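Working notes, beginning with the structure itself.
The values are calculated or read from the model by the stated rules, or taken from the named source; none is laboratory data. All values derive from a computational prediction rather than experimental measurement. Every residue, glycine among them, receives a Cβ derived from its backbone with ideal geometry; neighbour counts consider all protein chains shown.
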Amino acid sequence: MKKQIITACTALLLGASAWIPTAQAANFSTIQPYITDYKIGFTNGAKLSTQPVYDEFSRYTTYTVVTKAGKKGILDNKTGKEITPAIWDNIDLPSSGKIAIVQKGGWFQYLDLVTGKLSAAKFAGGHTIYLSPAHETVILMVGQTSMLLDSSGKVLIPPTAGKLSMVQLVDPSQAGKEDTKTVRYVLRSASKQVTLYDPVTFVPKFTLKNAELIPNEGGPDTAYLKVRSGGKEGLVDVTGKYVLAPNYNALYFWNNDYVRVEGPKGVGLWRNGKMIAEPQYTDVGIPSGDIYSTMTKDSITYHSISKGSSLTFKKGAEVLQDRYVLGQDVKTGLYGIAEIGGGAVIPFVYPRVEGPPAARLLVRSDGKKGLIPSWEQKMAEPTVWFDTLTTLGGTYSMLAIQDGKKIGLYSETRGLLLAPEENTVITYDQKTNRILVKAADGTTTAYGFDGKVIVDTEEKERILTDHLAVVGNPEKGYVLVDRETKELISKTYPGFYMEGEDKKLIVALDGKVADLYTPEGELLTREIQIPLGEPSGNQAPATFTMVDGVVYTAGVKADSDKWALVSIKNGQLLPVSEFAYVNVSTRNTAKRYFFTLGRPDGTSDLWAVVNGEMTRQVEQAIAVQTVDGLDRVFIEKGTGWDVYSPEGQRLSNGNYGSLKYLSAGVGKPGAIAYQDAKTGGWGLLNIDGKQLTAPTFDNLYPSAQVFPQLWQDTSSQSPFVFLTKQRFGYLDQNGQETFQTAFLTKKPTITYRPLITQTSLSYSDIIRQIRQNPLELVAFDKPYSWPEGVTSEKRFFANLALNVNLPKEAGKEEVLAELIGKGIIKADDTRSDLRDEDMFALSYYMETGQISQMTSPQLWEWASKRGLVIQRGGHDYYQTMDLYTEYHQLFFRELLHIPAGQKTAQAKKLSVATLSPAQKNMLESLIIVNGKSWDQLPLPLPKEDWTKAMNTLIDQYNKQAPQMLANYLKQQ
């Protein structure tokens, strides 16, 4: 008996919409959502305002639209009162109004949100529209009977027969002007008559009988209404008067106020109240605002409105540069060019023309060709004639012209650069992207694609500072020169660039390192040089950061490969740290910069300015994280995480399992969620690391993450959501509970997407994961190496060494030397790391067993087609990217394409304890909870249910993974 009573009580508790009183219950200014059994309800903080029966919601200023079983309803934001039940297919709720448009099936009604009264009339459509500054939001209800309301519910146009629509018209007095303003009008069409209403008073401006509107959908703005009367089309102005009588088959609004007129005898043009071309032509056109054309069966005439003149040519003539016409004389059929409104510019004596695309050419009777000037050149008759032309560098901007044995050079933007001469050789240098012209005397001149000469002589100076210039060329290198004495003050370098906002440093590139010079020419890097990384995108090869007026960067000595943090101050470059690091990275919080210096063992030291001095504040951190908008640093050290200031001061002392920042919304202080390392429970810290709550929660979230619909309503909501197996609730900034209720009153129904069907989406996702990131799901245990506790660079080169038959202990230098020695990658003294292009060349060798002979562009194109090009972008990406982790994945992707790699590939056995983030996301995507896929859940399953679901999926996956991998390998 006792057991039965307990069971009944339990059932009663679980079956109720269980609201659990909170010790310090809040009275929210507006109702807030809560979640029970993965359904949404609303609370005012002191009690439940609704039951948890909704699937979705949208928050507006005064009301909330809720969705239940696919139907929509409305709640009052203050009280939670149901304004209309969830019975509608759709609801349009103007954010600032008191009227809602509701739809059920194909019918629309409007609802007064204050009185709850629903319109008796039903309409075929309902739309919220911007009308004018006086009526920014109006509601248009249309059908056999139509009406117009404003957002307050005031009737602007009462129900009337016919259809209401919006038309946008230009003020006729502004016709022909640029940036004309338009006015939106309401127009009613009914019983073959149209009525236009004043957009302010809504009094009819006119009613035009025996006419129907032809909508100007997608056309240019116009001052006129197009109407049809008696089967013919005409134009009406805003007073209701015909400006073009309805006598035409069709009218079309064109740009620049032109109207194409189609009449019974042909086509014409009308503009601003005047028929400028009677509708009697085969066709018409408008090449520009001032020029229009009329066409007959055999000829085309161009008319200039401003000059009142015209030119006639044979059909097929072409307008050049807006005012010149290339065409044939109507009598002789010979080609020339004339200016509209003027006379012939190039005489009509040429029997033929050629081009484009490369260029337009006039052809003489003897077959010689001349170039017609491009739009940037003065229009004139060619002075140079030739036999053929050739494009240079894959573009049309530079052309080689040849007349017999004579060769010349032409620029699209600058005209004729070199008249054809014998013994001239013109080539395109792909490496330098230049046009090289070798003259008969042996001298070579380089041109850019802008047609300008590129001077590479050392006599040509490029000014850097008030005191210094740089001279040289890519082949010989560059040196710094004192502008006053002309004395050379540096050795030769491959290149220079200026660094810093004030351009106070000159960076001299020297292979894998750089030297630094002051604007006056003093060498700063005498014993210490600056190590260079691989430039990517807009990232410079060296990084300089100013902190408290001092510039910092990385430094390296000539006899060591270890880095140090160095400072540049008062004209001196000095080491700040010891030379014991393998990288130096600039990091920043919301307010401060600091540095992480990487040790050879993979840990990092944090260096920051304290009391005016840059010092080491944290040693041997395993990981360092910063968060956008937060002036704190999360550091993993030893066996756990803690909160630090950007100066390296430890603010918490919890040795936590993990940390995450919880944003409270714009203008509000957030908090830090911590996970207890022993229990796995979550608690809350303030941003200074002080513990606000015990770790009693299964998880903590920003409210806006759980309910993104509330992003505009942060002032009235509690900033954080907590979750336990039994409870859902809110916390304020101080960690105080403001509301709680039952999270689950019954076991969730969990199902899974199928794995086994090859046509299923989940199968495709797994295959995509194997293709993109094979190391997540495929093991290559033999003969490859997986050393623990080493950098991604060492792990990559260890495996690459084994692939090229070197010992796994071989380092980067030895592996690169082997690849260069075999010709797989090209020798390059400036290479400090493997590059993307090197990886492509290696991939080609792995795939074909041959050395790539492709040019750089060809190799990139090949890699792009194979999906090898890694998409990178953004400053944040380059700050955190792990180059050799990317290359490691790319290497093993290629192994799956070749027999040797396929033999070593095995499907990984997954387990809950060892799931990577990618594996976890892949499996979670297969979970369906109460009919919703995982990515649609506002909150995850409780840990116990999640673990059970994941174990079920892992068992299924581990059984099927070998066959899926085998199927994939067969397709390669």
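Remarks
- Matching residues, the range 308-325, being at pLDDT below 90 and basic (Lys, Arg): ARG323
- Within the range 601-648, the residues that satisfy the criterion of being among the acidic types (Asp, Glu) and farther than 14 Å from THR589 by Cβ are ASP601, ASP605, GLU613, GLU619, GLU636, ASP642.
- Summed over the range 473-523, residues that are part of a strand (DSSP E or B) and farther than 21 Å from PRO541 by Cα total 3.
- Subset tally (residues that are surrounded by 14 or more Cβ atoms within 10 Å (Cβ to Cβ), in contact with a Phe, Trp or Tyr (Cβ under 9 Å, 6 or more places away or on another chain) and closer than 19 Å to LEU532 by Cα) for the range 478-499: 6
- Matching residues, the range 720-756, being in a loop (DSSP other than H, G, I, E, B), of a type in the set (Lys, Arg) and farther than 30 Å from ALA966 by Cα: LYS725, LYS746, LYS747
- Enumeration of residues in the range 372-392 that are within 42 Å of the chain's Cα centre (by Cα) and of a type in the set (A, V, I, L, M, F, W, C): ILE372, TRP375, LEU389, LEU392
- ASP237 vs. criteria closer than 28 Å to GLN193 by Cα, surrounded by fewer than 19 Cβ atoms within 10 Å (Cβ to Cβ) and in contact (Cβ under 8 Å) with a residue 60 or more places away in the chain: yes
- Residue within the range 96-110 that is over 30 Å from ASP37 (Cβ atoms), of a type in the set (A, V, I, L, M) and surrounded by 14 or more Cβ atoms within 10 Å (Cβ to Cβ) present: yes
- Test: residue in the range 643-650 that is of a type in the set (A, V, I, L, M) and in contact with a strand residue (DSSP E or B) (Cβ under 8 Å, 6 or more places away or on another chain): yes
- Near pairs, Cβ below 8 angstrom, 6+ apart or cross-chain, from the range 915-932 (closer than 29 Å to THR36 by Cβ) to any residue that is of a type in the set (D, E, K, R) and modelled with pLDDT of 90 or more: ASN930/ASP37
- Residue count for the range 416-428, restricted to those that are among the acidic types (Asp, Glu) and either touching a Phe, Trp or Tyr at 6+ places or on another chain (Cβ under 6 Å) or without any contact (Cβ under 8 Å) to a residue 12 or more places away in the chain (or both): 0
- Unique residue being outside any loop (DSSP other than H, G, I, E, B), at pLDDT 90 or above, under 20 Å from SER718 (Cα atoms) and among the small types (Gly, Ala, Ser) when the list is GLY45, GLY73, GLY41: GLY41
- Some residue of the range 202-210 being of a type in the set (Val, Ile, Thr), under 30 Å from ILE99 (Cα atoms) and modelled with pLDDT of 90 or more: yes
- Applying the condition of being assigned to a helix (DSSP H, G or I) and either modelled with pLDDT of 85 or more or among the aliphatic types (A, V, I, L, M) (or both) to the range 758-792 and asking which residue is farthest from HIS888 (Cα to Cα) yields LEU761.
- Qualifying strands (runs of 3 or more DSSP E) (wholly inside the range 250-366; at least 3 residues being closer than 30 Å to PHE386 by Cβ): 309-314, 318-320, 324-328, 335-339, 344-350, 352-354, 361-363
- Selection within the range 61-74 - farther than 16 Å from ASP112 by Cβ and aromatic (Phe, Trp, Tyr): none
- Scanning the range 430-445 for residues that are assigned to a loop (DSSP other than H, G, I, E, B) and either surrounded by 15 or more Cβ atoms within 10 Å (Cβ to Cβ) or not charged (D, E, K, R) (or both) yields a count of 7.
- VAL566 vs. criteria in contact (Cβ under 8 Å) with a residue 60 or more places away in the chain and surrounded by 13 or more Cβ atoms within 10 Å (Cβ to Cβ): no
- Filtered residues of the range 802-831 (kept if surrounded by 17 or more Cβ atoms within 10 Å (Cβ to Cβ) and in contact (Cβ under 8 Å) with a residue 40 or more places away in the chain): ASN803
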